[in-house]
Amino acid sequence: MKPFTFKQFQIQQSKDVFRVGTDGVLLGALADVEHAAKVLEVGTGTGLISLMLAQRNAEAHFLGLDINEEAAAITQLNFENSPFYTRLKNKFQDFKTFETEERFDLIVSNPPYFEESGSGKDKIARQTVELNFMQLISKASKLLSECGIFSVIIPIEAGEVFISIAKENELFLSRRVNIKGIENSKTKRLVLEFSSEQKKTYESDFIIEKSPRQYSDQYLELTKEFHVFK
């Protein structure tokens, strides 16, 4: 497959691995990585999100995990070919059985979320086959540092359930970004951030396109350091 080129790095892709998409770009651009020293990405796919975060924070060190062997191999290739390679590591690893003494200041994930699908395409990446929300949240809660942030992008339909499960695991919503595909449309995705501290939730709206196939000023501003717009 044709690689996807960003300003500071390039993403090699495969037809068998979930490819570069808007959800990943949004999480990579929006997740609160500013004060993080150690970052864990659960389900790297191509490594896009970690690479964007590494560009945004020049001091942080990253570990990526993926249960898909080909995804782990592509992530490794993309990490090695990036200017941030000395700060990036990845493992072919099931998050459910991942053990470490390390604690992370930021854990990010664009998790699997389709309960059912008639297609085998992107099965592991897109279905709750290998990792459900309960497992993801419970494990993340144990791996966060004291002031750590857990940041995800999920469909609006899953939002309330995800927030409720997080609360059961003593992770409290600190930030909510309502993502709309186009101006005046309904919210379709949520970027949610959680911490162990109960505090006021900061909520905002984000619009991807102002009209069909025309990015909003908001999206252009957010991604200007990444996208090569022609």
Compute, for the stretch 1-44, the length of the dipole vector about the Cα centre, with Cβ point charges of +1 (Lys, Arg) and -1 (Asp, Glu) only. Units Debye, rounded to 20. 280 debye
Whole-Hz Karplus ³J(HN,Hα) for the stretch 22-35, in order, using 6.51 cos²θ - 1.76 cosθ + 1.60 and θ = phi - 60°, x for Gly and Pro? 4, 4, x, 4, 5, 5, x, 8, 9, 4, 7, 9, 3, 9
Members of Lys38/Lys199; Lys15/Lys139; Lys200/Lys224; Lys7/Lys186 lying beyond 26 Å, as alpha-carbon distances in this model show: Lys15/Lys139; Lys200/Lys224; Lys7/Lys186
Sort 132-144, 215-227 by packing, meaning the average of other beta carbons within 10 Å per residue, with the highest value first. 132-144, 215-227
Of Arg56, Arg176, Arg213, which is the most mobile in a GNM of the chain whose springs link Cα atoms less than 10 angstrom apart? Arg213
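Here, each number is a calculation from the coordinates, and none is a lab measurement. These numbers were taken from a predicted model, which means no experiment stands behind them. Every residue, glycine among them, receives a Cβ derived from its backbone with ideal geometry; neighbour counts consider all protein chains shown.
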